[in-house]
Structure formats: structure tokens, C-alpha cells
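The values are calculated or read from the model by the stated rules, or taken from the named source; none is laboratory data. Predicted model, so just to flag it, every value in this text is computed and none were measured. Every residue, glycine among them, receives a Cβ derived from its backbone with ideal geometry; neighbour counts consider all protein chains shown. Surface areas here come from the heavy atoms of the whole protein model, side chains and all, with no ligands, DNA or RNA. Shrake-Rupley method; radii C 1.70, N 1.55, O 1.52, S 1.80 Å.
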Amino acid sequence: MEQFNLCIIKPNKDAFSETFIQEHINRLPGDKKVLYGGAFPVYDHMGKYLIRTKLGLICYLLQKRLLKKQNIGIRNRALVRYLKQEKIDVVFAEYGMVGAMVTEACRIAGIPLVIHFHGADAHHKQTVETYYNLYQKAFQYASAIIAVSGDMVEALKSLGAPAGKIHLASCGVDTMLFPQLDISGTGKNFLSVGRFVEKKSPSSIVKAFRIVSEKQPDAKLTMVGDGPLFEETESFVKRLGLEDKISLKGVLKTDQIRELIGQSRCFVQHSVTADNGDKEGTPVTILEAGSSGLAIVSTQHAGIKEAVINGETGYLVPEHDIESMAAYMNKIAEDIQLASELGAREAAYIRKNYDIHDRINTLTNILKQAIKKN
């Protein structure tokens, strides 16, 4: 099968933290159509609505927002019409909620469905509860279900996904875009990149760095990203009097992040299981830092446990263990040779196991098998 028509469906047209989905859009083969619009696709990449009439849109919004319906006939029919019109061979749904919401349309259209879970869609308690019944139908119909970590595989099984349909296929990293760097000349510079949300626990990074800074007065921490905890973290830094040592950059472009990676010795991320159950998948930022040869200090959490070999390619501590995280950060600050050796081993490990080309080949084979089975 040389060519096929692929429809990728994702929730948000613009999301700075979803670079992994953009990689799928850019790199997966086939004649691709991309749909957006929340848990159910409402418009295409040109901003054209699938529901063609104003009355139809009003009817749809009333059922969605006022009646809180999930299975809306007019919406399903619009997607069925689109899939048939574009002669789609397979639908690739980014996030479990999206897959659950488009299952009925795919079934009516007779088009195979592959659902890619990423994190909260498998772990966030309220999300799982809201979509539980639809998940059961999606699990039954889907040709394949993709998980990005061993923890997620088990979570999906516990939700009722057939083990035979689940594929462990983490996101990957462009190792050419993030080449291995020589960090032997770097200062005691720490870098964190990610959304400011509970499961990434930005305050834990600040607390650990505060301990480090007491022993290493020349150490610096740069934090990149935005989110609901950004202002709270910013205020916390000010209360600690660390504004001259901790820099909060907000959202940056990839080139700007690569520049910061080139100035850093160690990448830090303190991922935890949030009170609402939300967890990581496999953070792409960990893969990018690892590919670049930075030493990594993070937590024993979700796919991070697979992307970093504790004690060999980096250091992983229990969730919320601030003291241990600070101790490993301090160790790396004091020993540039150790940092370089850890980074070099991690860079080799990432190239062997997480190269984006291998990841895309895996997804491509899953999609082709779905078409073949259909």
C-alpha cells in the first residue's frame, strides 16, 4: 500500500504544548486531511465548518451546550459526509476523548479508527468518568489503541481496552533538530520546559533549586512555558527572593528553546500525579533534552521511567521528594564530568529508542494494518 487517505483529528488548532501532534501531521504519509474543534471535529484546517447550515450549527450548539449531549446526530452525519466525500481510508484520532466522540461516525461510514491516547485522557478522573461509556464503544470499534507509556497501557486495560488492540508507541524526537551537544563548558545552568500545571509541579522545581542555590550561589534556573500556575510560581519566586537566579520566560518558539538548551547543563522536571488523577504520557521535552545530551533530573513518573534510566542516563526521584531532587541537581552542578557522561549516555539511548523516524514508521504500520484489516 503506497498511498492512502488519512484524516487526523485533533482538539486544538493552536497549542504550543502539542508539538508531538504537529509532528504526526507533518510526518505521517498519505494524503492528509486535518480536522479540529474540541472533542468532536467542527471545522477543517481552512476554518470551514463541517455542519454546513447556520440552523444546523445552532441545533448542534443547543444540544451540546444546553442539553450536554455527547452523541449528536447532526454532528455525526456531517462527519460521515466529510469522510466519504474525501474518500478517507483511516481516521487517526489524537486523544481518547476525540476517538470516543468520532467512533459512531466512523462506524456508520465504515472507516477504521486508530486512537492515540496521550496522558490526561487515560488518567484524569473526571475525563475518564465523563467519557467512560463512550470509551467502551470506542475500544470495541477501534482497530488500534496507542499508549505512550507502560503505565498508560495498564490504565487503558483497567478501563476495558482489549490488550490485543493496545500498542505501546511513545512520542519521538527529531534527533537532527536536537543534536547531541558538548556541555563540558556550560555553567551551573538548569532548564525546565513545560506547562505550568499541577502534574508538572513547577513549585517543586523552584523549591529544589532554592536548596541548590544555597550551596551553589552561581547556579541559574530558566523556566519556559505558561499555564494556570504561572503567576503563582512567579509570586513564589519573588517571595523567596530568587528573581536574580530564576528566570521565567513564558512560551518560547522551538529555536529559542534550542538556544537555551545550548546554554544549559541539566534539564529538570518534577512531574507528579495530580490530585485529579492527571499524569504525563512521555514528555517530549525530556526527549529533546536527552537527545541534546543534557543531564536530566526528574521523577519516577509515567513514561519518564522509560525515557531515562535511573542512575545510568540520568537521575529519577520519587514524586514530591524535593530533597533528593536538590541533592542530584547539586551533584550535577558540582561535577561537570558526571553531567557530560550522563548526557552522552542519555543521548545515545534516545537515538536508539525514541528517534522520530522510527516512531513515525511504527504509527504508519499501525495505520496500514488498520486499513488492511478493514
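What to note about this one:
- Ordering THR222, THR362, VAL80 by the projection of their Cα atoms onto the charge dipole of the chain, which places +1 on the Cβ of Lys and Arg and -1 on the Cβ of Asp and Glu, puts VAL80 at the extreme positive end.
- Note on the stretch 317-369: Kirkwood radius taken over Cα pairs, Stokes-Einstein applied at 37 °C and 0.692 mPa s, translational D equal to 237 µm² s⁻¹.
- Expected-Rg normalisation [2.2 N^0.38 Å, Cα atoms] applied to the stretch 267-374: 1.24
- Rounded to the nearest 20 debye, the dipole magnitude of the stretch 301-348 is 100 debye, with +1 charges on Lys and Arg beta carbons, -1 on Asp and Glu beta carbons, and the Cα centre as origin.
- Mean accessible surface per residue for the chain, computed with a 1.4 Å probe while every protein chain stays in place, in Å²: 44
- Straight-line cross-link reach from LYS200 at under 14 Å between alpha-carbon atoms covers these aspartates and glutamates, not counting any fewer than eight positions away in the same chain: ASP226, GLU232, ASP275, ASP278, GLU280, GLU319, ASP321.
- Of the cross-linked pairs LYS54/LYS84; LYS207/LYS305; LYS32/LYS157; LYS13/LYS220, those separated by over 25 Å at the C-alpha level are LYS32/LYS157; LYS13/LYS220.
- Euclidean distance of C-alpha centroids, the stretch 80-100 and the stretch 281-323, integer Å: 34
- Dipole check for the stretch 99-254: with +1 at the C-beta of Lys and Arg, -1 at the C-beta of Asp and Glu, and the Cα centre as origin, the magnitude is about 120 Debye.
- Tensor-based shape of the stretch 122-169 (alpha-carbon gyration tensor, a/c under 1.5 rounded, otherwise prolate or oblate): oblate
- Counted residue by residue at 0.36 nm each, then reduced by the alpha carbon distance between them, the extension gain from GLU86 to GLN140 reaches 16.9 nm.
- Each residue of the stretch 88-99 was assigned a 3J(HN,Hα) from its phi angle through the Karplus expression (A = 6.51, B = -1.76, C = 1.60, θ = phi - 60°), giving 5, 8, 7, 9, 10, 9, 8, 5, x, 4, 5, x Hz with x at Gly and Pro.
- With a simple spin-label model that places each label point 7 Å from the Cα along the Cα-to-Cβ direction, the separation between ASN365 and ALA348 comes to 2.5 nm.
- Computed on the Cα trace of the chain, the radius of gyration divided by the Kirkwood hydrodynamic radius gives Rg/Rh = 1.01.
- Max mean-square fluctuation residue, GNM over the chain, Cα-Cα springs under 10 Å, options THR222, THR175, THR130: THR130
- Candidate cross-link partners of LYS352 among the aspartates and glutamates, defined by an alpha-carbon separation under 14 Å and a same-chain spacing of 8 or more, comprise ASP174, GLU288, GLU306.
- For the chain, built as a Gaussian network whose Cα springs stay under 10 Å, the top-fluctuating residue of LEU35, LEU342, LEU240: LEU240
- Under-5 Å amide H pairs with GLY314, H placed in peptide plane, nonlocal only: ILE309
- With contacts taken as Cα pairs under 8 Å and at least 6 residues apart, the chain reaches a relative contact order of 17 percent.
- Overall, the accessible surface of the chain at a probe of 1.4 angstrom is composed of carbon and sulfur to the extent of 48 percent.
- For the chain, the longest principal axis of the C-alpha atoms and the axis of helix 202-215 are separated by about 10°.
- Full-extension gain in nm, ASN374 to ASN26, via 0.36 nm per residue minus C-alpha separation: 122.8 nm
- Most positive-pole-ward Cα, SER170, GLY293, VAL34, against dipole of the chain from beta carbon charges: VAL34
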